[in-house]
Protein chains: 4
Amino acid sequence: MIKIGIIGCGYWGPNIIRNFYETDGTEVAICCDLNPDRLDFIEKRYPSIKITEKYLDVLKDPRIDAVAIATPVSTHFALAKEALSHNKHVFVEKPICSTSLQAASLIDFSNKKKKVLMVGHVFEYTAAVNKIKEIIESGEIGNVFYFNAWRVNLGIFQHDINVIWDLASHDISILYYILKEKPLSLNATGISHVKSGMENIAYITLHFKSNLIAHIHVNWLSPVKIRQIVIGGDKKMIIYDDIEPSEKVKIYDKGITIKNKNQEDTLKAELQIEYRSGDVYLPKLEPTEALRVECRHFLDCILNKRTPRSDGESGLRVVKTLEAAQRSLENHGRKEKIDV
Amino acid sequence: MIKIGIIGCGYWGPNIIRNFYETDGTEVAICCDLNPDRLDFIEKRYPSIKITEKYLDVLKDPRIDAVAIATPVSTHFALAKEALSHNKHVFVEKPICSTSLQAASLIDFSNKKKKVLMVGHVFEYTAAVNKIKEIIESGEIGNVFYFNAWRVNLGIFQHDINVIWDLASHDISILYYILKEKPLSLNATGISHVKSGMENIAYITLHFKSNLIAHIHVNWLSPVKIRQIVIGGDKKMIIYDDIEPSEKVKIYDKGITIKNKNQEDTLKAELQIEYRSGDVYLPKLEPTEALRVECRHFLDCILNKRTPRSDGESGLRVVKTLEAAQRSLENHGRKEKIDV
Amino acid sequence: MIKIGIIGCGYWGPNIIRNFYETDGTEVAICCDLNPDRLDFIEKRYPSIKITEKYLDVLKDPRIDAVAIATPVSTHFALAKEALSHNKHVFVEKPICSTSLQAASLIDFSNKKKKVLMVGHVFEYTAAVNKIKEIIESGEIGNVFYFNAWRVNLGIFQHDINVIWDLASHDISILYYILKEKPLSLNATGISHVKSGMENIAYITLHFKSNLIAHIHVNWLSPVKIRQIVIGGDKKMIIYDDIEPSEKVKIYDKGITIKNKNQEDTLKAELQIEYRSGDVYLPKLEPTEALRVECRHFLDCILNKRTPRSDGESGLRVVKTLEAAQRSLENHGRKEKIDV
Amino acid sequence: MIKIGIIGCGYWGPNIIRNFYETDGTEVAICCDLNPDRLDFIEKRYPSIKITEKYLDVLKDPRIDAVAIATPVSTHFALAKEALSHNKHVFVEKPICSTSLQAASLIDFSNKKKKVLMVGHVFEYTAAVNKIKEIIESGEIGNVFYFNAWRVNLGIFQHDINVIWDLASHDISILYYILKEKPLSLNATGISHVKSGMENIAYITLHFKSNLIAHIHVNWLSPVKIRQIVIGGDKKMIIYDDIEPSEKVKIYDKGITIKNKNQEDTLKAELQIEYRSGDVYLPKLEPTEALRVECRHFLDCILNKRTPRSDGESGLRVVKTLEAAQRSLENHGRKEKIDV
C-alpha cells in the first residue's frame, strides 16, 4: 500500500484526492491547504483523511511514500525539492516549474534521490490523445502538415501565470507527446485586458525543420468553451473535439493530391491539385477518466521503478517552450529559438 | 436600364451574372471569358446574353454602362483601368488589386473619370455582418477586446495568390467595416505545402492603439469548413458562424467584471474578477443573398452618383494590410506597421 | 432529343424545369401555369421556353414526348390520365393521386398506352438513401428492429392535403424503398390547429410481421427544421440527417447482445444484456442533386423502355398507406390494416 | 438534524446518498442493499455511514427520521408502506408504485400517519423545467399547441418495467408539472426486441379537451442519447435539449398567424397563413444539480410540514397515465381514457 499526501486542495486538488482515494493500492493519508475552508470540505467528504495547514506535516510524515502537489506554479519548485529531500516520490501539477532552470535542477535532484518525478500532463493519459498518437504512428494520416489547437473558455483568470502558462501548456504537452519532431522556433502574440498585465489571450506559431507548422490559440475571455485540435496529414486529417461527450475523435479521409510535381507551368498549377474526400470514421474510445489512468501510472512507476510517460524531462521541454513564447510575446512577436 | 458587361465567368462570375440578371433595372448584355467552355455554359443558361473571348468587345461596346470584373487578381488593375478609360463604371472582385500602388492609382483615375469604382467585399453586404455592426455601434457589447476570425476549408488552392490574399481579405474587410479603430501593426506567420510556395495556412495578429487585438486564421487544407468570427466586448460577446443556415449570430451576455481596480494585492487578484453569464439571444436576420444586395448597391451608386460602401479606399485599406502581412510572413513573423 | 412539357410552375415546378433544362438529351419546350406571374418568372429565366396558361396547349402539342406534372395533388389523376391519352410519358409529383383507386386506374391506363408512368419520390434518388439501402442489403446492420423518421419544420401549410400526405409520404416511400418487408397495419394520431381541419401534426406507427416497427413524426409547426431517420439493426444502427450539409449518414457499431436466450431467471435478465459500442463511420456520398438523377432516370426509362424505380406501383403503395393512416386518424388512432 | 436512511444503493442510490450527505441539516446514518459489493462501495466512500443488508435495520432504527427508497419499482409500495408504519417520512423514486391502487393506498396511509410522502420526479427540480414552466405561465408562448418529447438512448434495459415506465414517466411528470390542462385519453404503440417481452421502444400520444396534443417517444435501443422536448405555442415555441451542457432552453419567436379566420375560400387558405420568424433567446439557467434541490425540498417539507411539489398525488397521476398507456399498448394502440 502506497501512502500519498496531497498538498493543495483548491480547484484541481480534490480531483487528485478522489482518484488516488479510489485507486486500489494507494491510501490518501493526509491533505494540506492554507485555506481552512478547503480542509473542512475535504474532511466532510473523506473523514478518514488527516488534514493540516502545514505542508511540513506532510513531508515529515514517515508513513508517506509519495506527494502530489497541486498548488500555484510559483511554489512547485520549492515544494517538490523539499519533498524529494524528504525522500518522497513526487507528482506535481503542470507546468512543472516557473523556469527551465528550476525544472532542470529538479530532474537532477530526483535522479540523485532515485525518486519518481512526474508532471501532471493529464491529456497524455486520455483515451483520445493516445488513440491519435497511435493513428499518427501507424502512418495512417501520412506526413503531418499542421497541428492547430484552440483552447478557449470564460475564466478562470489565474493570478500568478498568464493564459499561455495555464492553457497552452496542455497543447504543447500534447504536441510533444504525439509527434516525434520538435520545433526549432516560435512566434507568440497576445494581450492583457486586466490590470495585472497577465495576458488573457495569446497565439503561438511553432516552426519545425520539416514542412510542419503548429499553432495554439488560447483565450480566457471566450463566451463559449472550445477544446479542439485539428491535425492535417498528407493522407488523412484528424479533428479532436474534447467537448464532445462521446464523439471526440474524427478521422477524415480528405486531402489534396499534387498530380505532377515537376510541371513548371504555375498558371495551370490549380489544375494539378486534386481534392480527395472519402469516408469519415470515429474510433471507439474507452470511457476512462484520464486522471485515474494518470494516478495509476504514478503508482506503477513507484512500484516498478519505471520512468513516467510525463517525466521531468517532459515537464522541462514544455517549460522551455513556454519561456520562448514569453520572450516572443515581450518582443512584439519576434521569432525565438527553442531548444527542446 | 443599366447595361452590364461581365469579364470572367469562372467560379464566381456566374453568381454575379445571375444576380445582375435577376435585378430589376439592369441588363447583362455581354459576358467574356478566355475559356470557351465557360462561355458555352453561360450561353446555355442565358441565351439572351452575348458572349465573347475578347475583353475589348466588352469595353468598346458603347451600349455598356458598367463592367463587373471577376478574373484572377493579377489582371484586376489593367482591366479596371482600361474599363474606366472607356468610361465604364467598374465593379471589381476582391482584393481590388495586387498592390496598394495599383489600388491608389485606380482610385485617382476613377475620380478623374467620375465613374463608380466598387470592390466586391461581399460580406459587407450580408445581413449578419450588418447586424453585428449595428450591435457594436449601439454600444451593447461595450468596448471591443478582441476579434477572432477562423476561415478554413479544403481548397480551392489559388495559383496566383496565397491563402491570405484569398481568404483573410474577407476578414480584414469585415474588421474594417464593423470597427472604427484601425490597426497600427501586425504579425503574420504561415507555411506552404505546395511546390508553388504559395502559403496555404496563415495566421495574422493585428495590434491597435487601444486594448483591442484581432487574429485571423486561414487554411486551405482543413477537413471541415469553418467560417467563424468571435468578437469579445467588455459587456457582451458575439459569435458569428456563417456556416449555420439560420442561427448565424449569437449575442452572449457574458464577461468579466473587475471589482476593485485599485487593489494591489495580486495574490487575491483571482477573487477580484467576477464572471457574468446571462441570457443568449439570436437576432432575426433577413434571408437576403448578399451578392444580390451588393449588385443593387452598385446599381444605386451609378444611378444616384453615390460612393459605394466598399469603394476604392476600402479596397486599398485591405490591400495595404495584405501587403503588410506578406512582409511579416517573409520576415519570420516580424512586427510590421500598417498605415490605413 | 426528348421534348418535355411542364404543367405547374409553383414552388417545385421551377426545380423540375431547371433540371430537365440542364440535362443533355432533353428539351423543355413548353410550361403551363394558371398564374401569369409564375409564367413571367419562367420566361425571364428561360426565354427559349414557350409558356401557356392552358394545359391542353401542352398535351395537344405533337412535338411533346413527355409531361411532368407539379400541380396540387387533387389534379394529378385527371392531368396524368389526359396526358397518357395524348400518348405522353408521364412524370407526376408525389403523392401520385388522391386515392388508391385513381392510382390503380392510372397504372392500368399507362400499361395499356405503353407509356412510362413515374412518380416523383425524390428521396429514392438521393445518394444518402441509396447508400443506406446498400448498407442494409449487405447485411451490415443485421435484422432491422426499427425505422424512426422525424420530418418537421415551420410551414408550408398545404391547403388541399394534410401533413401526412405532404411530409409522411416521403418517409413511407423511403421505408418501402430501403426495406423489403411491408407493413401489415398502422396506427395514426394527429391534430389540426387551423380552421380547415387539415392535420398539421401527426404520428404514425407501422407494424410488421417480423419484430420491426416503424414510426413517422411529421409537423408543419416546428420552430426548427428536422429531417432525420434512425434505423436500428441488431448489429449496427444508422442515423440519416438530411439537414447536415456533408455528414448525412452515420453508421454506429452499437447495439445489445442478449447473452443467454434460454435462461429463465428474469431477475437476472438485466445481466444478460451486453451493450456494445464500437467505431462510427460516415460513408462518402456523391454530391449529386437528387432531382437531377431523377430526371435522368425518367429520360432513361423513356429511351430504353424501362420500368422506373418509382413507378406507378410504388406510388400506389404509398397512397394505400396514406389512406390507412387517414382512416386511423379519423378513428381515434385505431389499428388499420394495410395491403401493399 | 434530520437523520436519513437509504434503501437501495444500485445505479441511482449513490447519487441520493451523495446529495443528502452534502446537504446541511441532514445526516445519512444508514444504507441498505441486498448486494454486499454495493455496500462495500458505499463504506469505502463514506466510512461514517452504517451499512446493512436488512431493510428492517433501517426502518426500526429509532434515530432515523426519514427514508429514501431507490429500489426496483415492484418493491416501492411494500417498502414505503412499512416505512410509514414505522413513522418515517418517505422519499421514493419514480414511478411511485406499480399500480394506481397502491399509490392511492400509500397517499391515504401517509395522510393518516401525517408523514411526508414525496416521489422522485427529478426533472421537476431542474432549472430548465422550472424556467419553461415560468415562461409558459407568463403567457409568453401563448396557447400551447403541442408538447413533443424524445427520450432515447442505448440501455439500460430494465428487467421489471418496460421503457414507458422507465423513461416516459419523466416526460409525463414534466408535462403535468408545466401545463395545467390534463389529458383525457391516449394511444400507445410499441415493441419488445427481447425475450422478456418488455417493450423497449414505445410511442404515446395524449389527447386533451383543448387543441393541445402531446407525444412521447421513448427507446432503449438508440445509437445516440437524445433528451429533447419541443413545446409549440401560438405565439412562441420552446426547445429544451437536456443534453446541451449550457444552452438547454431556446425560445423561438416563431409561429403562424392565421390572417382571416372567417374566409371560406379554402383554395386560398394557403395565403391566409403568415409565417413569423423573429429572434431566438436562451435564458440563463442556474447551474444547480436537480437532485440537490430535490433533497433540500424533501428536508424543507419535513421541517416545515409542507406538501412536496412532487407529492403522492403527483406520483399517482403519473402511474394512472402509465397504466392507461400499458392498456393501449396491449390493445393495439386503442384509445384509452385517462382520469387524472
Going by the rotation axis that takes chain A to chain D, pick out the residue of A with the closest C-beta and quote the gap in whole Å.
A:P47, 3
Residue mean of other protein chain beta carbons inside 10 Å, D:188-198:
6
Expressed in angstrom and rounded, the centroid-to-centroid distance over alpha carbons for the stretch D:35-93 and the stretch A:123-167 is 46 Å
Using Cα-Cα distances under 8 Å and only pairs 6 or more residues apart, what relative contact order does chain B have, in percent?
19 percent
For A:T52, inter-copy label distances in nm, listed shortest first [label point 7 Å out on the Cα-Cβ vector]:
3.9, 9.3, 10.1
Any idea what Rg and Dmax come out to for chain C if you just take the C-alpha atoms, in Å?
21.8, 77
Can you give the charge dipole size of the stretch A:2-121 about its Cα centre, rounded to the nearest 20 debye, using +1 on the beta carbon of Lys and Arg and -1 on the beta carbon of Asp and Glu?
360 debye
Relative exposure of D:K236, A:K225, D:K259, judged by other C-beta atoms within 10 Å (fewest first)
D:K259, A:K225, D:K236
Output row for D:L303: copy-to-copy label distances, label 7 Å along Cα→C-beta, ascending, in nanometres, one decimal, is 4.6, 7.3, 8.3
Inter-chain shielding metric for D:159-170, i.e. average beta-carbon neighbours from other chains within 10 angstrom, reads 1
Angle between the Cα long axis of helix B:76-85 and the longest principal axis of chain B, 0 to 90 degrees, nearest 10?
50 degrees
Report the full-extension gain for the segment C:E330 to C:L303: residue separation times 0.36 nm, less the Cα-Cα distance, to one decimal in nm.
5.3 nm
In whole Å, what are the extents of the stretch A:2-121 along the principal axes defined by its C-alpha atoms, from largest to smallest?
40, 26, 24
With a ≥ b ≥ c from the Cα gyration tensor eigenvalues, square-rooted, and the rule rounded for a/c under 1.5, otherwise prolate when a/b > b/c and oblate otherwise, the protein assembly as shown is oblate
In degrees rounded to 10, the 0-90 angle between helix D:169-178 Cα long axis and the longest Cα principal axis of chain D is 60 degrees
Positive dipole terminus of the stretch B:2-120, leading residue within B:W12, B:C32, B:V58 (C-beta point charges)
B:V58
Measuring from the longest principal axis of the C-alpha atoms of chain B, the long axis of helix B:127-137 (C-alpha) lies at a number of degrees, nearest 10, equal to 40 degrees
Average partner coverage of B:207-219, which counts Cβ from other chains inside 10 Å:
3
Computed FRET efficiency, Cβ-Cβ of C:W12 and B:L34, R0 35 Å: what is it to the nearest 0.05?
0.40
In which sequence would D:R276, A:R18 go, from the one with the fewest C-beta neighbours within 10 Å to the one with the most?
D:R276, A:R18
So how strong a dipole does the protein assembly as shown carry about its Cα centre when Lys and Arg Cβ are +1 and Asp and Glu Cβ are -1, to the nearest 20 debye?
0 debye
Taking square-rooted eigenvalues a ≥ b ≥ c of the alpha carbon gyration tensor, is the stretch D:72-202 rounded, prolate or oblate, where a/c under 1.5 means rounded and, failing that, a/b exceeding b/c means prolate?
oblate
For chain D, calculated [θ]222 nm from helices alone, where every DSSP H run of n ≥ 4 adds -39500 (n - 2.57)
-9500 deg cm²/dmol
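Over the stretch C:75-185, what is the relative contact order in whole percent, taking alpha-carbon pairs under 8 Å and six or more residues apart?
Numbers: 90 pairs, mean separation 28.0, N = 111.
Reported as a whole number, the value is 25 percent.
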With one decimal in nm and the nearest listed first, the spacings from C:D37 to its own position in the other copies, using label points 7 Å along Cα-to-Cβ, are 4.1, 6.6, 7.0
Which whole-Hz couplings ³J(HN,Hα) result when phi for each residue of the stretch A:103-111 is put into the Karplus expression 6.51 cos²θ - 1.76 cosθ + 1.60, θ = phi - 60°, listed in order with x for Gly and Pro?
4, 5, 5, 5, 4, 4, 5, 5, 5
Burial order of peptide ranges A:113-119, A:70-76 (average beta-carbon count within 10 Å, highest first):
A:113-119, A:70-76
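So for D:E181, C:E93, fewest C-beta neighbours within 10 Å to most, what's the order?
With the sparsest Cβ surroundings first, the list reads D:E181, C:E93.
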Quote the relative contact order of the stretch D:64-133 in percent (integer), defining contacts as alpha-carbon pairs under 8 Å separated by 6+ residues.
31 percent
Assuming a ≥ b ≥ c are the square roots of the Cα gyration tensor eigenvalues, decide whether the stretch D:155-251 counts as rounded (a/c under 1.5), prolate (otherwise, with a/b larger than b/c) or oblate.
oblate
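Computed from the coordinates by the stated procedures, all read-outs in this text should not be read as laboratory data. Here the structure is a predicted model, which is why all the values come from computation and not from measurement. A quick note on method: Cβ atoms are made from the backbone with ideal geometry, for glycine too, and the neighbour counts reach across all protein chains shown.
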